[in-house]
Amino acid sequence: MPREGLLAQAFVELADSLVDNFDVVDLLTRLADRCVDIMDVAAAGLMLASAGGELRVIASSSEAMRVLELFESQADEGPCVDCYRTGQPIVNLRLDEVDSRWPLFAPKAVEAGFRSAHALPMRLRGQTIGALNMLRVDEGPMLETDVVAAQALADVATIAILQHRAVSDAQDLNEQLTQALNTRIVIEQAKGVVAERAEVDMEQAFARLRRHARNHNLRLADVANAVSTKVLAVTALDA
Amino acid sequence: MTGGRRRRILAEIDDGSGTEVTAVELCGVCRRVTGMSGAGIMLMSGDLPLGSLGTTGAVSALIEDLQYTLGEGPCVDAYQLGRPVLEPDLADPAVPRWMAFTGPALDAGVRAVFGFPLEIGGVRLGALDLFADRPGRLSDDQHADALVAADISAEAVLVMQAKESVGVLAPELERGSNFQYVVHQAAGMVCSQLDVGIAQALVRLRAYAFAHQRLLAEVAADVVARRLRFDDRDP
(Lines give C-alpha, C1' and ligand atoms only; values in the text may rest on other atoms or scores of the structure.)
Protein backbone atom coordinates (compact mmCIF):
# COMPACT_ATOMS: atom_id res chain seq x y z
CA MET A 1 0.00 0.00 0.00
CA PRO A 2 1.34 3.49 -0.80
CA ARG A 3 2.49 5.67 2.08
CA GLU A 4 -0.57 7.99 1.94
CA GLY A 5 -2.88 4.99 2.20
CA LEU A 6 -1.03 3.68 5.25
CA LEU A 7 -1.16 7.10 6.84
CA ALA A 8 -4.89 7.47 6.25
CA GLN A 9 -5.38 4.01 7.71
CA ALA A 10 -3.36 4.98 10.80
CA PHE A 11 -5.57 8.03 11.37
CA VAL A 12 -8.70 5.94 11.03
CA GLU A 13 -7.28 3.40 13.44
CA LEU A 14 -6.45 6.09 16.02
CA ALA A 15 -9.91 7.60 15.68
CA ASP A 16 -11.52 4.16 16.08
CA SER A 17 -9.73 3.55 19.34
CA LEU A 18 -11.36 6.68 20.81
CA VAL A 19 -14.89 5.35 20.74
CA ASP A 20 -15.22 2.69 23.42
CA ASN A 21 -13.03 1.34 26.20
CA PHE A 22 -10.41 3.98 25.61
CA ASP A 23 -7.03 2.73 26.74
CA VAL A 24 -3.99 5.02 26.71
CA VAL A 25 -1.41 2.22 26.49
CA ASP A 26 -3.29 0.60 23.63
CA LEU A 27 -3.59 3.89 21.75
CA LEU A 28 0.08 4.77 22.11
CA THR A 29 1.29 1.27 21.27
CA ARG A 30 -0.63 1.50 17.99
CA LEU A 31 0.89 4.91 17.38
CA ALA A 32 4.44 3.59 17.95
CA ASP A 33 3.86 0.61 15.64
CA ARG A 34 2.38 2.75 12.87
CA CYS A 35 5.30 5.19 13.03
CA VAL A 36 7.66 2.32 12.27
CA ASP A 37 5.38 0.94 9.53
CA ILE A 38 4.91 4.26 7.77
CA MET A 39 7.98 6.39 8.41
CA ASP A 40 11.56 5.64 7.64
CA VAL A 41 12.43 4.97 11.28
CA ALA A 42 13.64 1.75 12.95
CA ALA A 43 12.00 2.19 16.34
CA ALA A 44 9.47 4.44 18.03
CA GLY A 45 8.31 4.90 21.60
CA LEU A 46 6.16 7.20 23.68
CA MET A 47 6.58 8.66 27.10
CA LEU A 48 3.94 10.52 29.10
CA ALA A 49 4.47 12.77 32.08
CA SER A 50 2.94 11.72 35.39
CA ALA A 51 1.00 14.18 37.54
CA GLY A 52 4.31 14.99 39.21
CA GLY A 53 5.96 15.82 35.87
CA GLU A 54 8.04 12.64 35.76
CA LEU A 55 8.31 10.95 32.34
CA ARG A 56 7.13 7.35 32.16
CA VAL A 57 7.57 4.88 29.32
CA ILE A 58 4.13 4.01 27.98
CA ALA A 59 4.68 2.32 24.63
CA SER A 60 7.50 1.02 22.44
CA SER A 61 7.60 -0.55 19.00
CA SER A 62 10.26 -3.07 20.04
CA GLU A 63 11.95 -4.55 23.08
CA ALA A 64 15.26 -2.77 22.25
CA MET A 65 13.37 0.52 22.19
CA ARG A 66 11.67 -0.25 25.49
CA VAL A 67 14.97 -0.96 27.23
CA LEU A 68 16.46 2.21 25.80
CA GLU A 69 13.49 4.34 26.87
CA LEU A 70 13.53 2.90 30.39
CA PHE A 71 17.18 3.81 30.54
CA GLU A 72 16.41 7.30 29.26
CA SER A 73 13.77 7.90 31.92
CA GLN A 74 16.03 6.58 34.67
CA ALA A 75 19.09 8.52 33.52
CA ASP A 76 16.83 11.55 33.03
CA GLU A 77 18.54 12.47 29.76
CA GLY A 78 17.86 11.86 26.09
CA PRO A 79 15.70 13.06 23.20
CA CYS A 80 12.29 12.47 24.91
CA VAL A 81 13.40 14.18 28.10
CA ASP A 82 14.71 17.26 26.25
CA CYS A 83 11.69 17.42 23.96
CA TYR A 84 9.26 17.19 26.89
CA ARG A 85 11.11 19.87 28.88
CA THR A 86 11.33 22.38 26.02
CA GLY A 87 8.13 21.47 24.20
CA GLN A 88 10.16 21.73 20.97
CA PRO A 89 10.84 19.03 18.37
CA ILE A 90 14.28 17.48 18.15
CA VAL A 91 15.15 16.14 14.70
CA ASN A 92 18.17 14.56 13.11
CA LEU A 93 20.45 14.45 16.10
CA ARG A 94 23.34 12.14 15.24
CA LEU A 95 23.94 9.90 18.20
CA ASP A 96 27.68 9.47 17.53
CA GLU A 97 28.11 13.24 17.75
CA VAL A 98 26.03 14.10 20.80
CA ASP A 99 28.17 12.52 23.51
CA SER A 100 28.35 15.76 25.43
CA ARG A 101 24.61 16.37 25.30
CA TRP A 102 23.57 12.88 26.38
CA PRO A 103 26.71 11.27 27.81
CA LEU A 104 24.79 8.31 29.24
CA PHE A 105 22.04 7.82 26.68
CA ALA A 106 23.95 8.26 23.38
CA PRO A 107 26.49 5.42 23.87
CA LYS A 108 23.67 3.02 24.86
CA ALA A 109 21.68 3.94 21.75
CA VAL A 110 24.71 3.56 19.47
CA GLU A 111 25.46 0.23 21.11
CA ALA A 112 21.91 -0.89 20.22
CA GLY A 113 22.62 0.00 16.58
CA PHE A 114 20.89 3.38 16.23
CA ARG A 115 22.44 6.34 14.43
CA SER A 116 20.09 9.28 14.86
CA ALA A 117 17.43 10.38 17.33
CA HIS A 118 14.22 12.37 16.79
CA ALA A 119 11.60 13.43 19.31
CA LEU A 120 8.30 15.26 18.78
CA PRO A 121 6.28 16.89 21.57
CA MET A 122 2.79 15.72 22.50
CA ARG A 123 1.50 19.18 22.95
CA LEU A 124 -1.79 21.09 22.89
CA ARG A 125 -2.30 24.80 23.56
CA GLY A 126 0.90 25.24 25.55
CA GLN A 127 0.51 22.06 27.57
CA THR A 128 3.08 19.34 26.88
CA ILE A 129 2.02 15.93 28.16
CA GLY A 130 4.80 13.76 26.77
CA ALA A 131 6.88 13.03 23.68
CA LEU A 132 7.17 10.67 20.73
CA ASN A 133 10.66 9.25 20.34
CA MET A 134 11.95 7.87 17.03
CA LEU A 135 15.33 6.31 16.27
CA ARG A 136 16.88 5.58 12.89
CA VAL A 137 19.59 3.13 11.87
CA ASP A 138 20.11 4.51 8.33
CA GLU A 139 22.40 7.34 7.35
CA GLY A 140 21.00 10.74 6.50
CA PRO A 141 18.22 12.96 7.85
CA MET A 142 14.62 12.02 8.45
CA LEU A 143 12.28 13.01 5.60
CA GLU A 144 10.49 16.30 6.22
CA THR A 145 7.19 14.66 5.19
CA ASP A 146 7.80 11.94 7.80
CA VAL A 147 8.32 14.57 10.50
CA VAL A 148 5.06 16.32 9.58
CA ALA A 149 3.11 13.06 9.45
CA ALA A 150 4.51 11.82 12.76
CA GLN A 151 3.66 15.11 14.45
CA ALA A 152 0.11 14.90 13.09
CA LEU A 153 -0.31 11.38 14.51
CA ALA A 154 1.11 12.51 17.86
CA ASP A 155 -1.31 15.47 17.87
CA VAL A 156 -4.33 13.22 17.41
CA ALA A 157 -3.16 11.00 20.26
CA THR A 158 -2.58 14.08 22.45
CA ILE A 159 -6.09 15.39 21.90
CA ALA A 160 -7.53 11.95 22.64
CA ILE A 161 -5.59 11.63 25.90
CA LEU A 162 -6.47 15.14 27.11
CA GLN A 163 -10.14 14.62 26.28
CA HIS A 164 -10.15 11.30 28.12
CA ARG A 165 -8.51 12.89 31.16
CA ALA A 166 -11.05 15.73 31.23
CA VAL A 167 -13.94 13.27 31.17
CA SER A 168 -12.49 11.04 33.85
CA ASP A 169 -11.79 14.10 36.05
CA ALA A 170 -15.41 15.13 35.59
CA GLN A 171 -16.51 11.61 36.51
CA ASP A 172 -14.48 11.70 39.73
CA LEU A 173 -15.77 15.15 40.67
CA ASN A 174 -19.36 14.21 39.98
CA GLU A 175 -18.97 11.15 42.19
CA GLN A 176 -17.48 13.30 44.95
CA LEU A 177 -20.36 15.73 44.65
CA THR A 178 -22.97 12.99 44.90
CA GLN A 179 -21.05 11.35 47.72
CA ALA A 180 -20.89 14.59 49.72
CA LEU A 181 -24.60 15.07 49.24
CA ASN A 182 -25.43 11.49 50.18
CA THR A 183 -23.44 11.84 53.39
CA ARG A 184 -25.55 14.86 54.32
CA ILE A 185 -28.75 13.01 53.43
CA VAL A 186 -27.89 9.98 55.57
CA ILE A 187 -27.19 12.26 58.55
CA GLU A 188 -30.62 13.89 58.11
CA GLN A 189 -32.25 10.48 57.94
CA ALA A 190 -30.50 9.34 61.10
CA LYS A 191 -31.61 12.53 62.87
CA GLY A 192 -35.19 11.61 61.96
CA VAL A 193 -34.79 8.07 63.28
CA VAL A 194 -33.37 9.33 66.60
CA ALA A 195 -35.95 12.14 66.89
CA GLU A 196 -38.79 9.65 66.54
CA ARG A 197 -37.42 6.84 68.73
CA ALA A 198 -36.04 9.03 71.53
CA GLU A 199 -38.82 11.62 71.25
CA VAL A 200 -36.44 14.56 70.95
CA ASP A 201 -36.21 17.39 68.42
CA MET A 202 -33.84 17.44 65.42
CA GLU A 203 -31.22 19.50 67.19
CA GLN A 204 -31.08 17.15 70.15
CA ALA A 205 -31.07 14.16 67.80
CA PHE A 206 -28.06 15.62 65.96
CA ALA A 207 -26.28 16.29 69.27
CA ARG A 208 -26.74 12.65 70.27
CA LEU A 209 -25.36 11.35 67.00
CA ARG A 210 -22.37 13.66 67.25
CA ARG A 211 -21.70 12.80 70.87
CA HIS A 212 -21.78 9.09 70.15
CA ALA A 213 -19.40 9.51 67.20
CA ARG A 214 -16.98 11.57 69.28
CA ASN A 215 -17.08 9.27 72.33
CA HIS A 216 -16.38 6.23 70.22
CA ASN A 217 -13.97 7.93 67.84
CA LEU A 218 -16.20 7.17 64.85
CA ARG A 219 -17.07 9.25 61.80
CA LEU A 220 -20.42 10.98 62.11
CA ALA A 221 -21.34 9.69 58.63
CA ASP A 222 -20.68 6.09 59.73
CA VAL A 223 -22.74 6.42 62.92
CA ALA A 224 -25.56 8.04 60.91
CA ASN A 225 -25.46 5.25 58.36
CA ALA A 226 -25.58 2.57 61.08
CA VAL A 227 -28.55 4.28 62.74
CA SER A 228 -30.52 4.87 59.54
CA THR A 229 -30.04 1.26 58.46
CA LYS A 230 -30.90 0.06 61.99
CA VAL A 231 -27.55 -1.65 62.43
CA LEU A 232 -27.12 0.56 65.48
CA ALA A 233 -30.19 0.91 67.72
CA VAL A 234 -31.12 4.35 69.00
CA THR A 235 -31.16 2.91 72.54
CA ALA A 236 -27.50 1.93 72.09
CA LEU A 237 -26.47 5.54 71.42
CA ASP A 238 -24.74 7.39 74.26
CA ALA A 239 -27.30 9.50 76.11
CA MET B 1 -20.57 30.99 16.55
CA THR B 2 -20.27 28.86 19.66
CA GLY B 3 -16.97 30.53 20.64
CA GLY B 4 -18.55 33.98 20.65
CA ARG B 5 -21.55 32.73 22.59
CA ARG B 6 -19.33 31.09 25.13
CA ARG B 7 -17.24 34.20 25.60
CA ARG B 8 -20.36 36.36 25.98
CA ILE B 9 -21.87 34.05 28.61
CA LEU B 10 -18.59 33.72 30.50
CA ALA B 11 -18.31 37.53 30.55
CA GLU B 12 -21.81 37.61 32.02
CA ILE B 13 -20.71 35.28 34.83
CA ASP B 14 -17.55 37.21 35.63
CA ASP B 15 -18.97 40.53 36.84
CA GLY B 16 -15.48 41.80 37.61
CA SER B 17 -16.07 41.76 41.35
CA GLY B 18 -13.58 38.95 41.77
CA THR B 19 -15.89 37.08 44.12
CA GLU B 20 -16.66 33.39 43.59
CA VAL B 21 -19.75 32.70 41.55
CA THR B 22 -22.46 30.69 43.30
CA ALA B 23 -24.93 28.22 41.83
CA VAL B 24 -27.75 30.75 42.31
CA GLU B 25 -25.82 33.37 40.33
CA LEU B 26 -25.30 30.79 37.58
CA CYS B 27 -29.08 30.36 37.39
CA GLY B 28 -29.46 34.13 37.04
CA VAL B 29 -27.00 34.13 34.14
CA CYS B 30 -28.83 31.23 32.45
CA ARG B 31 -32.11 33.15 32.75
CA ARG B 32 -30.69 36.43 31.45
CA VAL B 33 -28.78 35.09 28.45
CA THR B 34 -31.80 33.12 27.25
CA GLY B 35 -34.30 35.88 28.04
CA MET B 36 -36.55 33.50 29.97
CA SER B 37 -38.81 34.22 32.97
CA GLY B 38 -36.84 31.97 35.29
CA ALA B 39 -34.18 29.29 35.56
CA GLY B 40 -33.14 26.57 37.96
CA ILE B 41 -30.45 23.91 38.18
CA MET B 42 -31.31 20.49 39.50
CA LEU B 43 -28.79 17.88 40.56
CA MET B 44 -29.76 14.33 39.69
CA SER B 45 -28.41 10.89 40.43
CA GLY B 46 -29.64 7.50 39.38
CA ASP B 47 -32.58 9.00 37.44
CA LEU B 48 -33.97 10.83 40.48
CA PRO B 49 -33.64 14.45 41.56
CA LEU B 50 -31.19 14.95 44.43
CA GLY B 51 -32.28 18.51 44.95
CA SER B 52 -32.11 22.01 43.60
CA LEU B 53 -28.74 23.77 43.36
CA GLY B 54 -30.40 27.11 42.86
CA THR B 55 -33.32 28.95 41.28
CA THR B 56 -34.05 32.51 40.20
CA GLY B 57 -37.35 32.82 42.05
CA ALA B 58 -40.45 31.28 43.57
CA VAL B 59 -41.87 29.84 40.33
CA SER B 60 -38.58 28.19 39.36
CA ALA B 61 -38.30 26.84 42.90
CA LEU B 62 -41.80 25.37 42.55
CA ILE B 63 -40.89 23.78 39.18
CA GLU B 64 -38.02 22.01 40.94
CA ASP B 65 -40.08 21.11 44.02
CA LEU B 66 -42.76 19.56 41.82
CA GLN B 67 -40.20 17.49 39.96
CA TYR B 68 -38.63 16.42 43.24
CA THR B 69 -42.03 15.37 44.56
CA LEU B 70 -43.35 13.72 41.42
CA GLY B 71 -40.22 12.41 39.76
CA GLU B 72 -41.39 13.83 36.41
CA GLY B 73 -40.86 17.03 34.46
CA PRO B 74 -38.45 18.70 32.05
CA CYS B 75 -35.30 18.22 34.16
CA VAL B 76 -36.03 14.58 34.84
CA ASP B 77 -36.61 13.90 31.13
CA ALA B 78 -33.61 15.95 29.95
CA TYR B 79 -31.39 14.07 32.40
CA GLN B 80 -32.74 10.64 31.52
CA LEU B 81 -32.76 11.18 27.76
CA GLY B 82 -29.51 13.14 27.65
CA ARG B 83 -30.95 15.76 25.30
CA PRO B 84 -32.97 18.99 25.48
CA VAL B 85 -36.65 18.58 26.28
CA LEU B 86 -38.84 21.36 24.94
CA GLU B 87 -42.44 22.15 25.85
CA PRO B 88 -43.30 25.50 24.21
CA ASP B 89 -46.98 25.29 25.17
CA LEU B 90 -47.57 23.59 28.49
CA ALA B 91 -51.31 24.42 28.45
CA ASP B 92 -51.81 22.86 25.04
CA PRO B 93 -48.97 20.45 24.38
CA ALA B 94 -48.61 18.64 21.06
CA VAL B 95 -48.07 15.42 22.99
CA PRO B 96 -49.41 15.42 26.56
CA ARG B 97 -46.83 14.38 29.13
CA TRP B 98 -46.11 15.02 32.81
CA MET B 99 -49.69 14.34 33.97
CA ALA B 100 -49.03 15.30 37.58
CA PHE B 101 -46.53 18.11 36.98
CA THR B 102 -48.50 20.09 34.40
CA GLY B 103 -51.53 21.21 36.47
CA PRO B 104 -49.69 22.78 39.40
CA ALA B 105 -47.08 24.30 37.05
CA LEU B 106 -49.83 25.97 34.99
CA ASP B 107 -51.50 27.21 38.18
CA ALA B 108 -48.20 28.90 39.09
CA GLY B 109 -48.14 30.74 35.75
CA VAL B 110 -45.74 28.52 33.79
CA ARG B 111 -46.67 28.50 30.09
CA ALA B 112 -43.54 27.09 28.45
CA VAL B 113 -40.82 24.98 30.02
CA PHE B 114 -37.51 23.65 28.74
CA GLY B 115 -34.96 21.21 30.17
CA PHE B 116 -31.29 20.93 29.16
CA PRO B 117 -28.96 18.23 30.50
CA LEU B 118 -25.87 19.35 32.42
CA GLU B 119 -23.07 17.15 31.17
CA ILE B 120 -19.39 16.99 30.42
CA GLY B 121 -18.33 14.25 28.02
CA GLY B 122 -20.44 11.29 29.08
CA VAL B 123 -20.76 12.52 32.67
CA ARG B 124 -24.24 13.84 33.43
CA LEU B 125 -24.82 15.65 36.69
CA GLY B 126 -28.26 17.16 36.40
CA ALA B 127 -30.35 19.48 34.28
CA LEU B 128 -31.07 23.16 33.73
CA ASP B 129 -34.71 24.18 33.52
CA LEU B 130 -35.96 27.36 31.95
CA PHE B 131 -39.54 28.59 31.97
CA ALA B 132 -41.52 31.38 30.31
CA ASP B 133 -44.75 32.97 31.50
CA ARG B 134 -46.12 32.91 27.95
CA PRO B 135 -46.18 30.08 25.42
CA GLY B 136 -43.70 30.10 22.57
CA ARG B 137 -40.82 28.25 21.02
CA LEU B 138 -37.22 29.07 21.77
CA SER B 139 -35.59 30.91 18.89
CA ASP B 140 -32.51 29.26 17.39
CA ASP B 141 -30.42 31.83 19.25
CA GLN B 142 -32.10 31.16 22.59
CA HIS B 143 -31.75 27.43 22.07
CA ALA B 144 -28.04 27.75 21.27
CA ASP B 145 -27.52 30.07 24.25
CA ALA B 146 -29.26 27.60 26.54
CA LEU B 147 -27.04 24.73 25.34
CA VAL B 148 -23.87 26.72 25.95
CA ALA B 149 -25.17 28.03 29.29
CA ALA B 150 -25.89 24.45 30.40
CA ASP B 151 -22.36 23.38 29.38
CA ILE B 152 -20.77 26.26 31.26
CA SER B 153 -22.96 25.56 34.29
CA ALA B 154 -21.89 21.91 34.34
CA GLU B 155 -18.23 22.92 34.27
CA ALA B 156 -18.74 25.63 36.89
CA VAL B 157 -20.51 23.24 39.29
CA LEU B 158 -17.66 20.73 39.08
CA VAL B 159 -15.02 23.45 39.42
CA MET B 160 -16.76 24.69 42.60
CA GLN B 161 -16.82 21.18 44.06
CA ALA B 162 -13.20 20.54 42.97
CA LYS B 163 -11.98 23.12 45.48
CA GLU B 164 -13.64 21.29 48.37
CA SER B 165 -12.23 18.31 50.23
CA VAL B 166 -13.76 14.89 49.62
CA GLY B 167 -17.01 14.23 51.49
CA VAL B 168 -17.87 17.91 51.95
CA LEU B 169 -20.23 19.87 49.75
CA ALA B 170 -18.71 23.14 48.45
CA PRO B 171 -20.21 26.20 50.20
CA GLU B 172 -20.89 27.91 46.84
CA LEU B 173 -23.12 24.96 46.00
CA GLU B 174 -24.75 24.78 49.42
CA ARG B 175 -25.68 28.48 49.42
CA GLY B 176 -29.15 28.98 48.00
CA SER B 177 -29.59 25.26 47.34
CA ASN B 178 -32.51 23.16 48.43
CA PHE B 179 -31.57 19.55 48.97
CA GLN B 180 -34.85 18.89 50.80
CA TYR B 181 -33.18 17.87 54.05
CA VAL B 182 -36.57 17.99 55.80
CA VAL B 183 -37.76 15.17 53.53
CA HIS B 184 -34.91 12.96 54.72
CA GLN B 185 -35.54 13.83 58.36
CA ALA B 186 -39.18 12.87 57.86
CA ALA B 187 -38.14 9.64 56.12
CA GLY B 188 -36.07 8.77 59.19
CA MET B 189 -39.06 9.39 61.43
CA VAL B 190 -41.49 7.44 59.25
CA CYS B 191 -39.07 4.54 59.04
CA SER B 192 -39.16 4.36 62.87
CA GLN B 193 -42.94 4.78 63.00
CA LEU B 194 -43.61 1.95 60.54
CA ASP B 195 -40.51 -0.12 61.25
CA VAL B 196 -39.59 -0.16 57.54
CA GLY B 197 -36.42 0.79 55.66
CA ILE B 198 -35.58 4.34 54.57
CA ALA B 199 -36.41 3.66 50.92
CA GLN B 200 -39.84 2.33 51.87
CA ALA B 201 -40.45 5.32 54.15
CA LEU B 202 -39.63 7.68 51.26
CA VAL B 203 -42.07 5.84 49.02
CA ARG B 204 -44.79 6.23 51.67
CA LEU B 205 -44.11 9.96 51.98
CA ARG B 206 -44.18 10.42 48.21
CA ALA B 207 -47.39 8.42 47.89
CA TYR B 208 -49.03 10.53 50.60
CA ALA B 209 -47.93 13.79 48.93
CA PHE B 210 -49.17 12.58 45.55
CA ALA B 211 -52.54 11.41 46.91
CA HIS B 212 -53.09 14.69 48.74
CA GLN B 213 -51.70 16.82 45.89
CA ARG B 214 -49.14 18.40 48.16
CA LEU B 215 -45.42 19.00 47.88
CA LEU B 216 -43.21 16.39 49.46
CA ALA B 217 -41.44 19.09 51.50
CA GLU B 218 -44.77 20.27 52.99
CA VAL B 219 -45.79 16.75 54.01
CA ALA B 220 -42.32 16.17 55.44
CA ALA B 221 -42.50 19.41 57.45
CA ASP B 222 -45.77 18.18 58.99
CA VAL B 223 -44.14 14.90 59.98
CA VAL B 224 -41.12 16.64 61.51
CA ALA B 225 -43.42 19.09 63.38
CA ARG B 226 -45.34 16.02 64.61
CA ARG B 227 -48.60 17.12 63.03
CA LEU B 228 -48.72 14.00 60.89
CA ARG B 229 -47.88 10.39 61.67
CA PHE B 230 -47.86 7.33 59.47
CA ASP B 231 -48.69 4.77 62.19
CA ASP B 232 -51.95 4.43 64.13
CA ARG B 233 -50.92 6.68 66.98
CA ASP B 234 -52.45 10.15 67.22
CA PRO B 235 -50.01 12.93 66.48
Write down the Kirkwood hydrodynamic radius of region B:65-135, to one decimal in angstroms, obtained as one divided by the mean of 1/r over all alpha carbon pairs. 12.2 Å
Restricting to lysines and to Cα separations under 26 Å from A:LYS230, and discarding same-chain partners fewer than 8 apart, the set is A:LYS191
So what are the ³J(HN,Hα) numbers for region A:220-231, from phi and the Karplus equation (6.51, -1.76, 1.60; θ = phi - 60°), rounded to whole Hz, Gly and Pro as x? 3, 4, 6, 4, 4, 5, 5, 6, 6, 9, 6, 6
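Kirkwood Rh over Cα pairs of chain A into Stokes-Einstein at 37 °C, 0.692 mPa s: D in µm²/s?
154 µm²/s
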Kirkwood hydrodynamic radius (C-alpha pairs) into Stokes-Einstein, the protein assembly as shown, 37 °C and 0.692 mPa s, D in µm²/s: 125 µm²/s
How much accessible area does A:MET142 have with a 1.4 Å probe, in Å² rounded to the nearest 10? 10 Å²
Can you list the residues of region A:39-69 with backbone N under 16 Å from a point 7 Å past the Cα of A:HIS164, pointing along Cα to Cβ? A:46-51, A:56-60
Please identify the trypsin sites (Lys or Arg not before Pro) of region A:164-226 that satisfy two criteria: DSSP loop assignment and at most 10 other Cβ atoms within 10 Å. Which are they? none
Selected from B:VAL168, B:VAL223, B:VAL196 as most flexible by GNM, with chain B as the system and alpha-carbon contacts under 10 Å: B:VAL168
Could you grab the relative contact order for region A:3-170? Cα pairs under 8 Å, six or more apart, rounded to a whole percent. 22 percent
With a 1.4 angstrom probe the carbon and sulfur portion of accessible area for chain B, in percent, totals 51 percent
The correct pair for region A:175-236, radius of gyration to one decimal and Dmax as a whole number, both in Å and from Cα atoms, is 11.1, 35
Most fluctuating residue of B:GLY167, B:GLY136, B:GLY38 in a GNM of chain B with Cα springs under 10 Å: which is it? B:GLY167
List the equivalent ellipsoid semi-axes of region A:128-179 in whole Å, largest first, each obtained as the square root of 5λ for an eigenvalue λ of the Cα gyration tensor. 38, 10, 5
Listing of region B:182-202 residues, each with accessible area lower by at least 50 Å² in the full protein assembly than in the chain alone (probe 1.4 Å): B:HIS184, B:GLN185, B:SER192, B:ILE198
Between A:ARG66 and A:THR86, what is the label-to-label distance in nm when each label sits 7 Å out along the Cα-to-Cβ direction? 3.0 nm
Using each residue's phi in region A:50-58, evaluate 6.51 cos²θ - 1.76 cosθ + 1.60 at θ = phi - 60° and report the 3J(HN,Hα) Karplus result to the nearest Hz, with x for Gly and Pro. 7, 4, x, x, 8, 7, 10, 6, 10
State the answer as a single residue: which of B:THR69, B:GLY40, A:GLY87 lies farthest towards the positive end of the charge dipole of the protein assembly as shown, with beta carbon charges of +1 for Lys and Arg and -1 for Asp and Glu, about the Cα centre. B:THR69
Karplus (6.51, -1.76, 1.60) ³J(HN,Hα), θ = phi - 60°, over region A:113-128, in Hz, Gly and Pro reported as x: x, 8, 10, 9, 10, 9, 9, 10, x, 9, 9, 9, 6, x, 9, 9
Bin all alpha-carbon pair distances of region B:181-224 at 10 Å intervals from 0 and give each bin's fraction as a whole percent. 35, 58, 6
Which residues make up the longest stretch of chain A clear of GluC sites (Glu not before Pro) that lie in a DSSP loop with no more than 15 other Cβ atoms within 10 Å, not counting the sites? A:55-138
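Counting only protein heavy atoms and a 1.4 Å probe, tell me what percentage of region A:175-236's accessible area is made up of carbon and sulfur.
Carbon and sulfur together cover 46 percent of it.
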Need one number for region B:2-174: average projected area of the convex hull over its C-alpha atoms, nm². 9.8 nm²
PRE reach from B:ARG226 (point 7 Å along Cα→Cβ): which of region A:203-239 fall under 14 Å by backbone N? A:203-205
If amide H atoms are modeled at 1.01 Å from N in the peptide plane, then the residues at a separation of 5 or more from A:SER62, or on another chain, having amide H under 5 Å from its own are A:ALA44
For A:SER116, residues with placed amide H under 5 Å, excluding near neighbours: A:LEU95, A:ARG136
Multiplying the sequence separation of A:LYS230 and A:ARG125 by 0.36 nm and subtracting their Cα-Cα distance, what value in nm do you get? 32.4 nm
Between B:LEU118 and residues 5 or more places away or on another chain, the pairs with built amide H atoms under 5 Å apart involve B:LEU125, B:GLY126, B:ALA127, B:LEU128
Members of region A:184-210 that become less accessible by 20 Å² or more once partner protein chains are added (1.4 angstrom probe, chain alone as reference): A:ARG184, A:ILE185, A:GLU188, A:GLN189, A:GLY192, A:VAL193, A:GLU196, A:ARG197, A:GLU199, A:MET202
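For the B and A pair, go ahead and give the buried accessible area with a 1.4 Å probe, both sides summed, in Å² to 100.
Buried area between the two chains comes out at roughly 2700 Å².
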Cα-based reach from B:LYS163 at 17 Å (exclusive), listing aspartates and glutamates while leaving out same-chain residues under 8 positions away: A:ASP169, A:ASP172, A:GLU175, B:GLU20, B:GLU155, B:GLU172, B:GLU174
Rg/Rh over Cα atoms for region B:1-96, Kirkwood Rh, comes to 1.00
In whole angstrom, largest first, the equivalent ellipsoid semi-axes that the Cα gyration tensor gives for region B:133-235 are 36, 21, 11
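The values are calculated or read from the model by the stated rules, or taken from the named source; none is laboratory data. Because the structure is predicted, anything quoted here is derived from the model rather than measured. Heads up, the Cβs are rebuilt from the backbone with ideal geometry, glycines too, and the neighbour counts pull from every protein chain shown. Protein only, heavy atoms only, side chains kept; ligands, DNA and RNA dropped before computing areas. Shrake-Rupley method; radii C 1.70, N 1.55, O 1.52, S 1.80 Å.
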